[in-house]
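*Asks:* After the structure tokens below, expect a handful of questions from me.
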Amino acid sequence: MHRWLVFVHVAGVFAFLMAHGVSAYVTLRLPGERDPARVAQLLELSASSVGFMWNAIGVLVLAGIAAGFTGGFWGQGWIWAAIVVLVAVMAAMYFMGTTWASRLRTISAAMAEGTEAVSSQQFEEILGSKRPHALAAIGFVGILVLLWLMIFQPTLGLGGDPCDEGRTPPGRV
């Protein structure tokens with residue numbers, strides 16, 4: 001049962017990465033765009049993947065929690081560190097990404113409709129933001145840290161025998 005839960009957890013991670021990859025690509029592509037209508041279309045494409053992304057997060061979290069119980073990991077530091085990293089990365093990306101994308105969505109839609117309430121300077125300013133690169137860095141580093149925690153399962157001073165660190169218990173992968 002434990003291996004199946006880990007399988008579903010990892011499948012949830014793959015589904016999340018697939019869905020979120022759309023938003024990641026769009027976010028890194030937007031600074032090169034100058035056509036407000038095209039920017040609005042790309043933002044719409046990104047928004048269309050959000051539902052699938054949140055469902056995938058639900059699967060990976062629920063399966064991860066269940067696998068934590070079946071694997072007896074709740075007394076170990078790595079699982080708690082993984083939860084902290086996941087929540088911190090999600091919060092940072094949500095607040096940084098949502099505010100930036102929302103502002104860009106409003107400005108690009110207004111400009112695409114021909115309004116003069118928004119200047120091209122404001123449009124250029126938000127497109128020239130370093131926010132996409134910061135978001136990409138946070139997401140990439142976060143995923144690397146989570147991968148490290150799950151592969152190496154360090155005790156981090158909680159539970160487990162530090163002498164066993166790096167050894168795989170019999171029957172576990």
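*Asks:* Just to be sure I understand: with springs between alpha-carbon atoms less than 10 Å apart, which residue in Leu158, Leu30, Leu42 has the highest mean-square fluctuation in the Gaussian network model of the chain?
*Replies:* Of Leu158, Leu30, Leu42, the Gaussian network model singles out Leu158 as fluctuating most.
*Asks:* Pop out the ³J(HN,Hα) list for region 13-30 in order, Karplus 6.51 cos²θ - 1.76 cosθ + 1.60 with θ = phi - 60°, rounded to Hz; leave Gly and Pro as x.
*Replies:* Once rounded to whole Hz, the list reads 5, 4, 4, 4, 4, 5, 5, 6, x, 4, 5, 4, 4, 4, 4, 7, 7, 4.
*Asks:* Here's something else I'd like to know. Go through region 67-84 residue by residue and turn each phi into a ³J(HN,Hα) via Karplus (6.51, -1.76, 1.60, θ = phi - 60°); whole Hz please, and just put x for glycine and proline.
*Replies:* Residue by residue, region 67-84 yields 5, x, 6, 5, x, x, 9, 5, x, 9, x, 4, 5, 6, 5, 5, 5, 4 Hz.
*Asks:* Can you show me the helix-derived [θ] at 222 nm for the chain, built from DSSP H runs with n ≥ 4 at -39,500 (n - 2.57) apiece and divided by the number of residues, rounded to the nearest 500.
*Replies:* That calculation yields -25500 deg cm²/dmol at 222 nm.
*Asks:* Debye calculation, C-alpha points only, no solvent: report log10 I(q)/I(0) for region 1-95 at q = 0.19 Å⁻¹, in the same order as the q values.
*Replies:* Debye intensities relative to I(0), on a log10 scale: -0.92.
*Asks:* Using only the Cα atoms of region 71-119, build the gyration tensor, take square roots of its eigenvalues as a ≥ b ≥ c, and label the shape rounded, prolate or oblate: rounded if a/c is under 1.5, else prolate if a/b is larger than b/c, else oblate.
*Replies:* prolate
*Asks:* With a cut-off of at most 15 other beta carbons within 10 Å, and DSSP calling the residue loop, which trypsin sites (Lys or Arg not before Pro) in region 70-142 qualify? Please list them.
*Replies:* When the trypsin sites (Lys or Arg not before Pro) of region 70-142 are filtered for loop state and at most 15 Cβ neighbours within 10 Å, Lys130 remain.
*Asks:* So, one more: DSSP loop (so not H, G, I, E, B), at most 12 other Cβ within 10 Å: list which GluC sites (Glu not before Pro) in region 55-151 pass both filters.
*Replies:* Glu113, Glu116
*Asks:* Using the Kirkwood radius over C-alpha pairs as Rh, can you work out the diffusion coefficient of region 38-167 via Stokes-Einstein at 10 °C, viscosity 1.306 mPa s, in µm² per second?
*Replies:* 91
*Asks:* Could you do me a favour and compute the accessible area per residue for the chain, 1.4 Å probe, result in Å²?
*Replies:* Roughly 61 Å² per residue, with all protein chains present.
The values are calculated or read from the model by the stated rules, or taken from the named source; none is laboratory data. Remember, it's a predicted structure, so these values are computed and weren't measured experimentally. So basically every Cβ, Gly included, is an ideal-geometry build from the backbone, and we count neighbours across all protein chains shown. Note: areas computed on protein heavy atoms with side chains; ligands, DNA, RNA excluded. Shrake-Rupley method; radii C 1.70, N 1.55, O 1.52, S 1.80 Å.
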